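The values are calculated or read from the model by the stated rules, or taken from the named source; none is laboratory data. None of the values given here were measured: they were computed from a predicted structure. Every residue, glycine as well, gets a Cβ built from its backbone with ideal geometry; the counts of neighbours run over all protein chains shown.
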Amino acid sequence: MDVSIQVIRYFCVLAEELHFGRAAERLSITPPSLSQQISRLEQQLDVRLFDRSPRKVELTAFGRELLPLARRVQDDHDQLLSWGRSIRRERDAPTLRVGVVAAGAGSLTTSAIAATMQAIPRARIEMRRLGFFDVAEELEGGRVDVVFAPWPMRLPPRVLAEPLWREPRVLVVRADHPLAGRESISILETGDEVFVAVAKGVPEVVDWWIVDPRPDGSRPKRGPKADSVEGLLELVAAGAGVNIAGQSASKHYRRDELAFIPIDDIEPATIVLCSLSDTRNPMVKAFRDTAQSLSPLVDATFH
């Protein structure tokens, strides 16, 4: 049996959309052609993968069982192609893959990238948005070369973290929250609030961000969780709780439904540039030097 990667991709897209028209549009083919390909796959496997009716398309039990396997095959194939492209790019031009967690280092991120492109016109810069706790995995997996991320975090020994930027932390609340009009607040004024926080995070890092425990020994009330900045802000906007973020979030994630109030009596957030100490990409050192030259902080390295 020979199932092509193209048919695997067709199956995965239809499983996501559950609509032949939308799936076909994403795949740039016609709905009848997509239907033929799926029927052929079902014949090859001798199972029905989708229940079709004029009103809806649904995965069968076999389809649901196949989906994670198909996605794994698709991801492996994409990684193989990505590896091939990376080899070609390395021959053609120096490449730097920059990861950014949350708002990164604000304007310093943009300045460092612009300065690098000016100094090395042939350089290829690729940007990637990362989750809060993806830094080490993405660096060691070779998917990014450098990452702008908020400190603190837990890192393996081969990952360097160089501080670049410090900024006050702010309380993120709904625009109609009683504290929304304040110019600043004390963390001790938030004792009655429910705090939304990062899901599956390193406990001590999550504790640092929501200030647990407080200076008076009290502990914040914890509420729903999310795995991204956008998810946290959606929870705040929905009234599920409040959140603490770096001040740059007020610019990069500005929304009419939200207010950002400086907290004047807690430690500021530090933004660091992370990279592998044993990287073979010469662009990394050049970029680190550029970022450090633009940084207002003195030289230091976290581990």
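Just a few scattered comments:
- Subset of the range 201-243 (residues that are charged (D, E, K, R), under 19 Å from Ile261 (Cα atoms) and under 16 Å from the mean Cα position of the chain (by Cα)): Glu230, Glu234
- Close pairs from the range 106-124: first under 19 Å from Lys251 (Cα atoms) and touching a residue at least 12 places away in the same chain (Cβ under 8 Å), partner of a type in the set (Phe, Trp, Tyr) and assigned to a helix (DSSP H, G or I), Cβ under 8 Å, at least 6 apart: Ala112/Phe287
- Picking from residues in the range 247-266 that are in contact (Cβ under 8 Å) with a residue 60 or more places away in the chain and charged (D, E, K, R), the one that is surrounded by the fewest Cβ atoms within 10 Å (Cβ to Cβ) is Asp256.
- Within the set Arg71, Arg97, Arg55, Arg40, the sole residue that is out of contact with any Pro (no Cβ under 9 Å at 6 or more places or on another chain) and closer than 30 Å to Ile244 by Cα turns out to be Arg97.
- Verdict on Asp256 being out of contact with any Asp or Glu (no Cβ under 9 Å at 6 or more places or on another chain), charged (D, E, K, R) and under 21 Å from Pro156 (Cβ atoms): no
- Within the range 52-67, tally of residues that are among the small types (Gly, Ala, Ser) and assigned to a helix (DSSP H, G or I): 2
- Annotation note: Cβ proximity below 9 Å between a residue of the range 279-303 that is surrounded by 10 or more Cβ atoms within 10 Å (Cβ to Cβ) and a residue that is of a type in the set (Asp, Glu) and at pLDDT below 85 (sequence gap 6+ or interchain) occurs for Asn281/Glu90; Gln292/Asp299.
- Exactly one residue out of Ser275, Ser293 is part of a helix (DSSP H, G or I) and either on the phi > 0 side of the Ramachandran plot or of a type in the set (S, T, N, Q) (or both): that is Ser293.
- Hey, Glu230 under 22 Å from Asp134 (Cβ atoms) and crowded, with 16+ Cβ neighbours inside 10 Å or not: no
- Across the range 1-45, the qualifying residues are those that are in contact with a Leu (Cβ under 7 Å, 6 or more places away or on another chain) and without any contact (Cβ under 8 Å) to a residue 24 or more places away in the chain, and the one among them that is nearest to Glu65 (Cα to Cα) is Glu42.
- Residue selected from the range 71-95 under the condition at pLDDT below 90 and either in a strand (DSSP E or B) or in contact with a helix residue (DSSP H, G or I) (Cβ under 8 Å, 6 or more places away or on another chain) (or both), by the criterion farthest from Cys274 (Cα to Cα): Pro94
- Leu108 part of a helix (DSSP H, G or I), modelled with pLDDT under 90 and touching a helix residue (DSSP H, G or I) at 6+ places or on another chain (Cβ under 9 Å): yes
- Phe62, sole failed condition from (1) closer than 30 Å to Arg143 by Cβ; (2) surrounded by 15 or more Cβ atoms within 10 Å (Cβ to Cβ): (1)
- Residues of the range 255-283 that are among the acidic types (Asp, Glu) and closer than 14 Å to Ala161 by Cα: Asp278 alone.
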